[in-house]
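Colleague: I'd like to ask you about the structure that follows.
The values are calculated or read from the model by the stated rules, or taken from the named source; none is laboratory data. This one's a predicted model, so the numbers in the text were calculated from it and none came from an experiment. Cβ: placed from backbone, ideal geometry, glycine included. Neighbour counts: every protein chain shown. Note: accessible area is taken over every heavy atom of the protein model, side chains too, but ligands, DNA and RNA are not part of it. Shrake-Rupley method; radii C 1.70, N 1.55, O 1.52, S 1.80 Å.
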Amino acid sequence: TEITLIDTAGIRRKGKIVPGVEKYSVLRALKAIDRAEVVLLLVDATEPFTAQDAHIAGIVLDKARSVIVVVNKWDVVPKDSYTIDGYRAMVRDTLQFLDYVPVLFISALTGQRVNNIIPLALKVHEDRHRRAPTAELNKVIRAALGKHAPPSRSGKRLRIFYATQVASAPPVILLHINDRMLLHFSYTRFLENQIRARFEFSGTPLRLAFRERSD
């Protein structure tokens with residue numbers, strides 16, 4: 001497999017972008033995000049997150065790039081301060097990433113789990129380009145409807161007639177429904193989670209699109 005690695009200058013730990021070298025390094029990072037399919041967002045386990053970290057993470061999400069959060073210097077973090085699960089939850093909450101984003105804990109100094117980075121990035125890239133077979137996708141949707149009834153309003157219930165994947169990198173699932181006004185954010189998230197449980201799409205944003213039809 002041929003891959004291209006795009007390295008960027010480190011961004012100093014400040015809450016705002018200042019003129020000079022730091023501004024240039026941020027612009028380099030933004031250009032790298034534009035070129036990349038999978039972004040490795042490197043954070044330092046020994047330093048607090050900043051508004052700039054969240055800003056970069058937000059750009060990654062807005063551009064629908066696949067992402068892995070790589071936490072460096074995990075070897076020097078007192079293990080009574082954070083568990084891996086607790087720190088992972090804090091990373092996702094602070095950077096507003098959902099559960100589909102892998103968080104990998106490494107040490108560049110000792111080499112701990114460094115060898116896992118490229119295989120994980122290749123897995124995320126594969127999932128970014130994954131195609132969900134239409135028959136299997138509709139089976140998942142039918143099971144989801146049976147597990148959790150869709151929302152209704154004034155006696156009218158949301159109906160999902162058919163689903164198909166219309167794009168990849170990132171994947172887009174088109175669902176044919178009876179009435180867009182019956183959609184609710186929480187039910188859309190439920191459907192996304194059910195699709196992810198079957199097809200994974202790790203590290204990759206999954207977009208659900210809806211089209212109305214009468215029957």
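Colleague: Out of all the residues in segment 198-209, which are open to solvent by 30 Å² or more (accessible area, probe 1.4 Å) and either hydroxyl-bearing (Ser, Thr, Tyr) or at pLDDT 95 or above (or both)?
Modeller: Once the filter is applied, which keeps residues that are open to solvent by 30 Å² or more (accessible area, probe 1.4 Å) and either hydroxyl-bearing (Ser, Thr, Tyr) or at pLDDT 95 or above (or both), segment 198-209 yields ARG198, ARG207, LEU208, ALA209.
This table checks each residue for (1) part of a loop (DSSP other than H, G, I, E, B); (2) within 25 Å of VAL103 (Cβ to Cβ).
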position	(1), (2)
ALA163	no, no
PRO170	yes, yes
LEU175	no, no
PHE190	no, yes
ASN193	no, yes
PHE201	yes, yes
PRO205	yes, yes
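Colleague: So is VAL91 surrounded by 18 or more Cβ atoms within 10 Å (Cβ to Cβ), among the β-branched types (Val, Ile, Thr) and under 15 Å from the mean Cα position of the chain (by Cα) or not?
Modeller: In short, yes.
Colleague: Do you know which of the residues in segment 41-59 that are surrounded by fewer than 18 Cβ atoms within 10 Å (Cβ to Cβ) and in a strand (DSSP E or B) is nearest to the chain's Cα centre (by Cα)?
Modeller: Here the residue is LEU42.
Colleague: Now for a separate question. Which residue, of ASP80, ASP62, ASP85, is open to solvent by 50 Å² or more (accessible area, probe 1.4 Å), under 19 Å from LEU120 (Cα atoms) and free of Cβ contacts under 8 Å to residues at least 12 places away in the same chain?
Modeller: Just one listed residue meets the conditions, ASP85.
Colleague: Could I ask something else about it? Could you list all residues from segment 8-33 that are modelled with pLDDT of 85 or more and open to solvent by 80 Å² or more (accessible area, probe 1.4 Å)?
Modeller: Answer for segment 8-33, where residues must be modelled with pLDDT of 85 or more and open to solvent by 80 Å² or more (accessible area, probe 1.4 Å): just LYS31.
Colleague: Follow-up question, since we're still on this one. Scan segment 162-177 and give yes if some residue there is open to solvent by 50 Å² or more (accessible area, probe 1.4 Å) and touching a Ser or Thr at 6+ places or on another chain (Cβ under 9 Å), otherwise no.
Modeller: Within segment 162-177, one or more residues are open to solvent by 50 Å² or more (accessible area, probe 1.4 Å) and touching a Ser or Thr at 6+ places or on another chain (Cβ under 9 Å).
Colleague: Give segment 130-160 a look and list any residue that's on the phi > 0 side of the Ramachandran plot and open to solvent by 90 Å² or more (accessible area, probe 1.4 Å), or say none.
Modeller: SER154
Colleague: Tell me which residues, restricted to segment 106-147, are farther than 21 Å from GLU200 by Cα and outside any helix (DSSP H, G or I).
Modeller: ILE106, SER107, ALA108, LEU109, THR110, GLY111, GLN112, ARG113 - these are the residues of segment 106-147 that are farther than 21 Å from GLU200 by Cα and outside any helix (DSSP H, G or I).
Colleague: Can you pull out every residue in segment 120-176 that is of a type in the set (Gly, Ala, Ser) and under 30 Å from LEU41 (Cα atoms)?
Modeller: Hits for segment 120-176 are ALA121, ALA132, ALA167, SER168, ALA169.
Colleague: Just to verify a result, which residue in segment 94-103, among those that are open to solvent by less than 20 Å² (accessible area, probe 1.4 Å) and at pLDDT 90 or above, is nearest to PHE49 (Cα to Cα)?
Modeller: Among those that are open to solvent by less than 20 Å² (accessible area, probe 1.4 Å) and at pLDDT 90 or above, it is VAL103.
Colleague: I've got another one for you. Could you run through segment 77-98 and say how many residues are part of a loop (DSSP other than H, G, I, E, B) and closer than 16 Å to LEU40 by Cα?
Modeller: Within segment 77-98, residues that are part of a loop (DSSP other than H, G, I, E, B) and closer than 16 Å to LEU40 by Cα number 3.
Colleague: Between a first residue in segment 196-215 that is under 29 Å from LYS156 (Cβ atoms) and a second residue that is of a type in the set (D, E, K, R) and surrounded by 14 or more Cβ atoms within 10 Å (Cβ to Cβ), which pairs have beta carbons less than 7 Å apart while being 6 or more apart in sequence or on different chains?
Modeller: Pairs that qualify, where the first residue is under 29 Å from LYS156 (Cβ atoms) and the partner is of a type in the set (D, E, K, R) and surrounded by 14 or more Cβ atoms within 10 Å (Cβ to Cβ), are LEU206/GLU192; LEU206/ARG196; LEU208/GLU192; GLU212/ASP179.
Colleague: Just to be sure before I move on: is VAL71 modelled with pLDDT of 90 or more and in contact with a Phe, Trp or Tyr (Cβ under 6 Å, 6 or more places away or on another chain) in the structure I sent?
Modeller: Spelling it out, VAL71 is indeed modelled with pLDDT of 90 or more and in contact with a Phe, Trp or Tyr (Cβ under 6 Å, 6 or more places away or on another chain).
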